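As structure tokens, the structure follows; a few thoughts come after it.
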Amino acid sequence: MVMKLRKGHIFLYYGDNMIQNKVGKSFILVILLLSAPASLTWAQISLVTSRLALGGTDFIDYSVLGPSGTIVPSIVSVQSNQGATVFISQGMQFTFLRLDQGDGWNGNFTFGDRLLYTNRTNADIRASISWSFDRPLTAFGLNIQPNFLDSFVARIDFYSSQTVGFIGSVTAAGTSTNAGDGSALFIGGLSGSSATNFTSVEVQLVGVGFGPISNFAVNQTDFTRTAVIPEPTTFAMLGVTIFAVVVVLVWRQRYQEAER
């Protein structure tokens, strides 16, 4: 089949035959929009500054990495509250440190918060943490605090292994104190559509006054994964099953009519 457009009409050619389908220009516009690539969508990652607004359905509690004071490898896999496997990393030559607010960390997280600290010693490389997930996310967020008392800016970069790579980023400004009152900056992002769902994120500080090292700690990390989409073979098997049921029902109806 070949489709050609002439003076507001659509002509469909099947072999040597031509069928004319007269349609309005609005219908043609709909066809063009439906055939446009997904990259033309205008959705983006939206900044979220509270855990409640993020509405995550799963989370990572860093107590799974051990008690406060535990040295954690630079690349580690953890299980979320709902059993998702998440890989966390920050560079081969560095190790993380597990700390708790009030036990190893005297900042402005909520008392008892289980934290993950970058613990870098190389002042030439900016600290960052990356999380990688087994399927796309629609939401990701956490509280963050640098290892100094001052104002700062944090950033999250969002990436997709299934589409274009880098999707977008969000930034937010906070103040680091030793109040222990739960006022540590919350920063997160929400996907605007399936086109901006993401599979990995990177968190770092970008506006600080103490050089590029910029070590920081994060607390419970909330996120929302997309639902599992059945494989094409599953849909195919479902279609065959429905077809078989329809055939049986039709045959039974005709058999019953013939018996009357």
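The values are calculated or read from the model by the stated rules, or taken from the named source; none is laboratory data. Here the structure is a predicted model, which means the values were calculated and not measured. When we count neighbours, we look across all protein chains shown, and the Cβ atoms used for this are built from the backbone with ideal geometry, even at glycine. Heavy atoms of the whole protein, side chains included, go into the accessibility calculation; ligands, DNA and RNA do not. Shrake-Rupley method; radii C 1.70, N 1.55, O 1.52, S 1.80 Å.
From the square roots a ≥ b ≥ c of the eigenvalues of the alpha-carbon gyration tensor of the stretch 91-202, which class results: rounded (a/c under 1.5), prolate (a/b over b/c), or oblate? Taking the square roots of the gyration eigenvalues as a ≥ b ≥ c, the stretch 91-202 is prolate. Label positions at V76 and V64, each projected 7 Å from the Cα along the C-beta direction, are separated by 1.1 nm.
By how many nm would the segment from V164 to T49 grow when fully extended, if each residue of separation counts as 0.36 nm and the alpha-carbon distance is taken off?
Working: separation 115, 0.36 × 115 = 41.40 nm, distance 2.61 nm.
Computed gain between V164 and T49 is 38.8 nm.
In the stretch 165-229, carbon and sulfur make up what percent of the accessible area (probe 1.4 Å)? All intermediate terms of the calculation are to be shown ahead of the outcome.
On the way: 1280 of 2390 Å².
Summing carbon and sulfur atoms, their accessible area is 54 percent of the total for the stretch 165-229.
Taking each residue as 0.36 nm, the span from Q93 to T57 lengthens on full extension beyond its C-alpha to C-alpha distance by 9.7 nm. On the beta carbon distance between T121 and T85, with R0 = 35 Å, the FRET formula returns roughly 0.75.
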